[in-house]
Amino acid sequence: MITAGFERSLSVTEATRLGVARLVADAETGAGVVVERRGRPAAVVVGVERIRAILEREDDVRSAVLVLARAATDLGGRTSLDEVIAELGFDRGELEAELEVERRAAPASH
């Protein structure tokens, strides 16, 4: 249930009696509060630092899942850049020469 991991839960009526200022002050100290409507979680009041930590963990989990998915589907085959360039019908030397011409023609950016 959503209330696990939070310090307390309050009904909307109780939260109203405490007031927004008190809920925010509690959240700033790290105390998360679940606000319930008709006995069901409706909102959570948490401080910015706790949200940042949650979002960082979310990013870490997303990255870990991506790494695991890649590891599980990796067949070990690799294609070099030169192979890709040749497969597309280009010559690496010509592409590099063309890029150099474009670099010289481009105005210097500051």
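The values are calculated or read from the model by the stated rules, or taken from the named source; none is laboratory data. Given the structure is predicted, the values throughout are model-derived calculations rather than measurements. Cβ sites come from the backbone with ideal geometry, for glycine too, and all protein chains shown count toward neighbours. SASA here: full protein model, heavy atoms, side chains in, ligands and nucleic acids out. Shrake-Rupley method; radii C 1.70, N 1.55, O 1.52, S 1.80 Å.
Quick notes on this one:
- Meets criteria (in contact with a Ser or Thr (Cβ under 9 Å, 6 or more places away or on another chain), farther than 30 Å from E28 by Cα and either without any contact (Cβ under 8 Å) to a residue 12 or more places away in the chain or of a type outside the set (F, W, Y) (or both)) for E94: no
- A single member of A64, A71, A15, A53 is open to solvent by less than 90 Å² (accessible area, probe 1.4 Å), outside any strand (DSSP E or B) and in contact with a helix residue (DSSP H, G or I) (Cβ under 9 Å, 6 or more places away or on another chain), and it is A15.
- Top-ranked residue in the stretch 74-91 [being part of a loop (DSSP other than H, G, I, E, B) and open to solvent by 70 Å² or more (accessible area, probe 1.4 Å); ranked as nearest to G30 (Cα to Cα)]: D74
- Qualifying residue in the stretch 29-43 (condition: without any contact (Cβ under 8 Å) to a residue 12 or more places away in the chain, out of contact with any strand residue (DSSP E or B) (no Cβ under 6 Å at 6 or more places or on another chain), open to solvent by 50 Å² or more (accessible area, probe 1.4 Å) and assigned to a helix (DSSP H, G or I)): no
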